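Reading through the structure tokens given below for one structure.
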Amino acid sequence: MSQVRDVVIIGSGPAGYTAALYTARANLKPLVVEGMQPGGQLTITSEVENFPGFPEGILGPHLMEHFRSQAQRFGAEIAIGLVTDLDVTKRPFVVTTEFDTVLARTVIISTGASAKLLGIPQEKELMASGGGVSACATCDGAFYPGKDLIVVGGGDSAMEEANFLTRYARKVTLFHRRDSFRASKIMVDRARANPKIEFRVPSAIEEILVGANGKTRGVKAVNPDSGERFELACDGLFVAIGHEPNSKVFRGKLAMDETGYILVKDGTRTSVDGIFAAGDVCDKRYRQAITAAGMGCMAAIDAERWLESHGH
């Protein structure tokens, strides 16, 4: 604990690695604690076609390797492990990891968010392999021109995803385990008015059917009210039951909204002076790699200016 770091970045992914790149180039010698999923959500996606600079697309894990290598090239130090505590009552801040304790003049939190999944067999494997399961219509919808898709969920996000996917799909079937929705009436009405969207409610998916090519070919589902079981063919399954910010370790220390997203103001400043947040841990609206990277850049510049204004 004798060494005081100018910047400690908690979490990796596009936000964390971009913050590391910018602070390293500013000669702040950042330490990045990568977390339980180094590289973030892109490491469990396959093809990424909407990140600028890669006209032919790039695999998500490869893109994150580029991010990481570029940050390290300028002197960012990478530490493996999880942050288990952040003491915001002391100056410098005390960052406790699984393996060490670090003092930090500024902290950038970029721990991201995790898509809530259905918890059924093969779901995660098919998502990681590009086998027809996704939690992001904006990211993956273009892969399904003229295809039949299923969207699972009952909130505004599910209605938005279903409507968005009709730009590409032949047909979208919306599954929800109840016949009532959390979504606003205007969003439900908009989805019901779309001729490409069919509602199959109440329905709960029990199993994903996989074809000989290793990709999704359909689902087995059940009507929770009647107990009737049925199969439905599809080319892709989009899970839209929400995201959970990876912010538990910071609860009670930083201001958050009711769902756990860290609140920021004036760019990336949190409720504690000298602590900044970037990416999906504070952004529940856009949730894109490019916007997370942009916020990582903002947080780095905010931290650099904070250090300069405090004489460091």
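The values are calculated or read from the model by the stated rules, or taken from the named source; none is laboratory data. Being a predicted model, the structure only gives us computed values, none of them experimental. Cβ coordinates were reconstructed from backbone atoms using ideal geometry, including for glycine residues, and neighbour counts include every protein chain displayed.
Quick rundown of the values:
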item	result
Filter result for the condition that a residue is in contact with an Asp or Glu (Cβ under 8 Å, 6 or more places away or on another chain) and among the charged types (D, E, K, R), over 220, 124, 185	220
Only listed residue being free of Cβ contacts under 8 Å to residues at least 24 places away in the same chain and not aromatic (Phe, Trp, Tyr), chosen from 227, 214	227
Residue among 248, 265, 215 that alone is of a type in the set (Lys, Arg), surrounded by 15 or more Cβ atoms within 10 Å (Cβ to Cβ) and either modelled with pLDDT of 95 or more or not assigned by TED's automatic domain parsing to the domain that holds residue 172 (or both)	215
From the options 158, 193, 204, residue that is hydrophobic (A, V, I, L, M, F, W, C), farther than 15 Å from residue 237 by Cβ and either assigned by TED's automatic domain parsing to the domain that holds residue 126 or touching a His at 6+ places or on another chain (Cβ under 8 Å) (or both)	193
Segment 180-200, residues that are of a type in the set (D, E, K, R) and touching a Lys or Arg at 6+ places or on another chain (Cβ under 9 Å)	196, 198
Exclusive hit being part of a helix (DSSP H, G or I), modelled with pLDDT of 95 or more and closer than 18 Å to residue 111 by Cβ, set 24, 20	20
Some residue of segment 53-62 being closer than 30 Å to residue 161 by Cα, touching a Leu at 6+ places or on another chain (Cβ under 6 Å) and modelled with pLDDT under 95	yes
All positions within segment 230-256 that are in contact (Cβ under 8 Å) with a residue 12 or more places away in the chain, of a type in the set (D, E, K, R) and under 30 Å from residue 274 (Cα atoms)	244, 248, 253
Lone qualifier among 49, 34 - being surrounded by fewer than 17 Cβ atoms within 10 Å (Cβ to Cβ) and within 17 Å of the chain's Cα centre (by Cα)	49
Spans of helices (runs of 4 or more DSSP H) in segment 121-188 with at least 2 residues surrounded by fewer than 20 Cβ atoms within 10 Å (Cβ to Cβ) and on the phi < 0 side of the Ramachandran plot	123-129, 156-165
Residue count, segment 10-64 (criterion: of a type in the set (Val, Ile, Thr) and either within 27 Å of residue 133 (Cβ to Cβ) or in the same structural domain as residue 126 (by TED's automatic domain parsing) (or both))	5
Filtered residue count, segment 14-31, keeping only those that are touching a strand residue (DSSP E or B) at 6+ places or on another chain (Cβ under 8 Å), crowded, with 23+ Cβ neighbours inside 10 Å and either of a type in the set (S, T, N, Q) or on the phi > 0 side of the Ramachandran plot (or both)	1
Number of positions in segment 7-36 that are closer than 17 Å to residue 95 by Cα and of a type in the set (S, T, N, Q)	1
Those residues of segment 252-277 which are in contact with a Lys or Arg (Cβ under 9 Å, 6 or more places away or on another chain) and of a type in the set (Gly, Ala, Ser), in sequence order	260, 271, 274, 277
Filter result for the condition that a residue is crowded, with 21+ Cβ neighbours inside 10 Å, within 23 Å of the chain's Cα centre (by Cα) and not assigned by TED's automatic domain parsing to the domain that holds residue 196, over 67, 93	67
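Residue-wise test of (1) within 14 Å of residue 139 (Cα to Cα); (2) in contact with a strand residue (DSSP E or B) (Cβ under 7 Å, 6 or more places away or on another chain); (3) of a type in the set (A, V, I, L, M).
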site	(1), (2), (3)
34	no, yes, no
37	no, no, no
43	yes, no, no
49	yes, no, no
53	no, no, no
56	no, no, no
80	no, no, yes
